[in-house]
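Notes follow the structure.
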Amino acid sequence: MAEYSFDVVSEFDAAELTNAIDQARREVSTRFDFKDTQTVYDRRDGVIVIESASEERARAALQVLREKAARRQLSPKLFKAGDPKTVGKGRGQLEIQLNAGITDDIARDLRKRIQNATAKVQVRIQGDQLRVVSKDKDTLQLVIKTLREAEDIPVPLQFTNYR
C-alpha cells in the first residue's frame, strides 16, 4: 500500500520580499500623506527598519508594506512589528522582525494539533520542518485544512513536497 506525505515548513521568498519593499518605497514616495516625511525602508538580515517623520507615519508605512507583501503572497504573520520609538529630531522608527522558521516549541505544538485532528497520520520533526505521512490522501488534506484554519499559529506555514 502506498504512503503519501507532505512537509510543513515556514519560509518566505526573499525576492518577493525585496519586491514588496521596493513597491512600498515607490508608493510612499508618491503618496500625498507621506509628502515631506522622508520615509525610509531599510532591510538588514532578519530585520526591516522603517523610519519616518513620526511614529504614526512609520506605522502607516508598515501598513503599506503589509499591503504590498499580501499582493505578492507573503503572509501578514511574516512581519512581527516591535513598538515604535522616537529617534533624533522627533522622527519615528519601527523595527519589524521577519518571523519565519519553525522552532522546537512550535513544532511540538503543531504535532499535537495534527494528532488531535486525526490519529491516522505519523508526524516527524526534521529540524525546522515537519513531515506528515499517511496511507490516505484525504487524511492529509484534513491536516492541511486544520493547520490553514488555525489563526493562533505565530508563523506563516507552507505545505511542500506533497506526494
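The values are calculated or read from the model by the stated rules, or taken from the named source; none is laboratory data. Because the structure is predicted, anything quoted here is derived from the model rather than measured. Glycine also receives a Cβ, built like all others from the backbone with ideal geometry; neighbour counts cover every protein chain displayed.
Looking at Glu149, is it surrounded by 14 or more Cβ atoms within 10 Å (Cβ to Cβ) and among the acidic types (Asp, Glu)? In short, no. For Gly101, are the conditions met, namely being surrounded by 17 or more Cβ atoms within 10 Å (Cβ to Cβ), outside any helix (DSSP H, G or I) and out of contact with any Leu (no Cβ under 7 Å at 6 or more places or on another chain)? Taking the combined requirement at face value, the residue does not satisfy it. Scanning region 132-154 for residues that are over 16 Å from Val9 (Cα atoms), part of a helix (DSSP H, G or I) and in contact (Cβ under 8 Å) with a residue 24 or more places away in the chain turns up Lys137, Leu142.
Among the conditions (1) of a type outside the set (D, E, K, R); (2) in a loop (DSSP other than H, G, I, E, B); (3) in contact with a Ser or Thr (Cβ under 9 Å, 6 or more places away or on another chain), Ala119 misses just one, which is (3).
Would you call Val121 under 24 Å from Phe12 (Cα atoms) and either of a type in the set (D, E, K, R) or in contact (Cβ under 8 Å) with a residue 12 or more places away in the chain (or both)? When the stated conditions are applied, Val121 does not pass them.
Can you say whether Leu74 is in contact (Cβ under 8 Å) with a residue 60 or more places away in the chain and crowded, with 19+ Cβ neighbours inside 10 Å, as far as the supplied structure shows?
Criteria met by Leu74.
Per the listing Arg59, Arg108, Arg25, Arg91, the residue uniquely in the same structural domain as Pro156 (by TED's automatic domain parsing), in contact with a strand residue (DSSP E or B) (Cβ under 8 Å, 6 or more places away or on another chain) and not hydrophobic (A, V, I, L, M, F, W, C) is Arg108.
From the list Ala119, Ala107, the lone residue that is modelled with pLDDT under 85 and over 30 Å from Tyr41 (Cβ atoms) is Ala119.
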